[in-house]
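Encoded as structure tokens, the structure appears first; notes follow it.
The values are calculated or read from the model by the stated rules, or taken from the named source; none is laboratory data. Bear in mind the structure is a predicted one, so any value in this text is a computation, not a measurement. All Cβ positions, glycine included, derive from the backbone under ideal geometry; neighbour counts span all protein chains shown. Heads up: the accessible areas ignore ligands, DNA and RNA and are worked out on the full protein's heavy atoms, side chains in. Shrake-Rupley method; radii C 1.70, N 1.55, O 1.52, S 1.80 Å.
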Amino acid sequence: MTDAATTESTVPWLDHYRSTMMGTVTDPMALLVRGEGCYVWDGDGRRFLDFLAGIAVNALGHAHPVLVDAVSRQIATLAHVSNYFATPQQVELADRLRRLSGAGEDGRVFFCNSGTEAIEAAFKLARRNGRDGARPRILSLQHSFHGRTMGALSLTGQPPLQEPFVPLVPGVEHIDSTIEALEAAIGPDVAALFLEPIKGEAGVVELPEGYLTAARELTTKHGVLLILDEIQTGIGRTGTWFAFQQFGIVPDAIALAKGVAGGVPIGALVTFGAASGLLQAGHHGSTFGGNPLAAAAGNAVLGEIESAGLVENAARRGEQLRSVIAGIGHPLIAEVRGRGLLIGIGLAQPIAKALAAAAFARGLIINAPNPTSIRIAPPLIIGDGELVEFSRIFIESLEDVS
Ligand SMILES: *Cc1c(COP(=O)(O)O)cnc(C)c1O
């Protein structure tokens, strides 16, 4: 953490930022003013190749004409109406998500405005599984990330994020990411198990082999909801529409946000089968949730991902990127993790922040979620040119910090 009172800044926008913005995050890396495709520009006209995409949000890159056109037309037509009214855009987006996720006819969709809100809706869903109070426990994983509001923070398995805000929402237990730990913890008094198919904030870390299959079997056996946090892994990011589709299981619900509307704020909870009936009229709501502006953006993004074959591109470019990174053969690179275009690079030394800073100085945006991990999550539209440029700058940056 940067101490704003003692750290000297060298750029005027940063002083202004610090004096105006609440100090909830560390100092931003740059003041960005424009984006196009896979690039963003700062106020001094410096260009950056964006291999973070607003943390897996800008699925179509920046200022994509399909998204610009859909949002421009919708805001000029009808931007917001409240939940007292329905709109075609909202119902169309719900239908798309049901189709793409396989939830189908029995699926239902709740719209909100962010990932943490999708998790809050899922938390309420969990509480309704066991409405007589017979299922007071909820299981989540250590080192997981589910969001920052109090319910989502209670599910997040990261004590340093939680400790400043105790007491948390009761009933949540954080277990090891092993099948044995799940077997030991699960029972008829558990309402739900929350899982990220790949832990993004932890540095793009996969669950152990066979874990999701075992989790599905155990949750079904004990009447426990299997709720997947696909906020970061969903919407084509991992090379399938949703990561769970690579594991041959069907969850009870998935929480979505980030890539859904390519940068326009939106979140969604999609339920499967019987879980679709748990939340009833009056149980939950959101003033902005699923408004026609955000829904039109979502329809444009999902439609473009489908028609341009970007899920397949994510799978193919992801393979290429991982082999390019592994092929560098640099002693600092200990392992390459992830699926599709959600990639983690495990470093042999705790220099991730310095490496991300070196890359940034050379015009490449990558992310250091912890001292030994680099995360990259480029727009799903990347092609050969972006791959070559990434590879060149990344190699130079590794030399900078060696
Ligand atoms: C980003 C993220 C969240 C929180 O989403 P917000 O939109 O920031 O509230 C929750 N879970 C996962 C896995 C995420 O990546």
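Checking the structure you have, find out if any residue of segment 178-186 is in the same structural domain as Ala257 (by TED's automatic domain parsing) and within 16 Å of the ligand (Cβ to nearest atom). No, that holds for no residue. The condition (being touching a residue at least 12 places away in the same chain (Cβ under 8 Å), in contact with a His (Cβ under 6 Å, 6 or more places away or on another chain) and surrounded by 13 or more Cβ atoms within 10 Å (Cβ to Cβ)) is satisfied by just one residue among Gln158, Gln142: Gln142. The residue pairs whose first member lies in segment 281-293 and is among the hydrophobic types (A, V, I, L, M, F, W, C), whose second member is modelled with pLDDT of 95 or more and open to solvent by 80 Å² or more (accessible area, probe 1.4 Å), and whose beta carbons are closer than 6 Å, counting only pairs six or more residues apart or on different chains, are Leu293/Ile75.
The numbered conditions (1) of a type outside the set (Gly, Ala, Ser); (2) closer than 24 Å to Val336 by Cα; (3) buried (at least 18 other Cβ atoms within 10 Å of the Cβ) are all true for Phe194 except (2). The set of residues from segment 141-164 being under 11 Å from Ile119 (Cα atoms) and either modelled with pLDDT under 95 or within 12 Å of the ligand (Cβ to nearest atom) (or both) comprises Phe145, His146, Gly147, Arg148, Thr149, Gly151, Ala152, Leu153, Leu155, Thr156. Among residues of segment 36-82 being in a helix (DSSP H, G or I) and within 16 Å of the ligand (Cβ to nearest atom), the one that is surrounded by the most Cβ atoms within 10 Å (Cβ to Cβ) is Ala53. Looking only at residues in segment 197-228 that are closer than 20 Å to Gly151 by Cα and open to solvent by 10 Å² or more (accessible area, probe 1.4 Å), the one that is farthest from the ligand (Cβ to nearest atom) is Leu225. Away from the ligand (no atom under 16 Å from the Cβ), under 25 Å from Ala181 (Cβ atoms) and part of a loop (DSSP other than H, G, I, E, B): is that true of Pro167 in this structure? Answer is yes for this residue. All of (1) open to solvent by less than 10 Å² (accessible area, probe 1.4 Å); (2) within 10 Å of the ligand (Cβ to nearest atom); (3) in contact with a helix residue (DSSP H, G or I) (Cβ under 8 Å, 6 or more places away or on another chain) hold for Thr116 with one exception: (1). Go through segment 200-244 and give me each residue that's assigned to a strand (DSSP E or B) and under 14 Å from the mean Cα position of the chain (by Cα). Result: Val205, Leu228, Asp229. Looking across segment 99-113, just one residue is aliphatic (A, V, I, L, M) and either part of a helix (DSSP H, G or I) or open to solvent by 50 Å² or more (accessible area, probe 1.4 Å) (or both), and that is Leu100. Among the numbered conditions (1) away from the ligand (no atom under 14 Å from the Cβ); (2) touching a helix residue (DSSP H, G or I) at 6+ places or on another chain (Cβ under 7 Å), the only one that Ala126 does not meet is (2).
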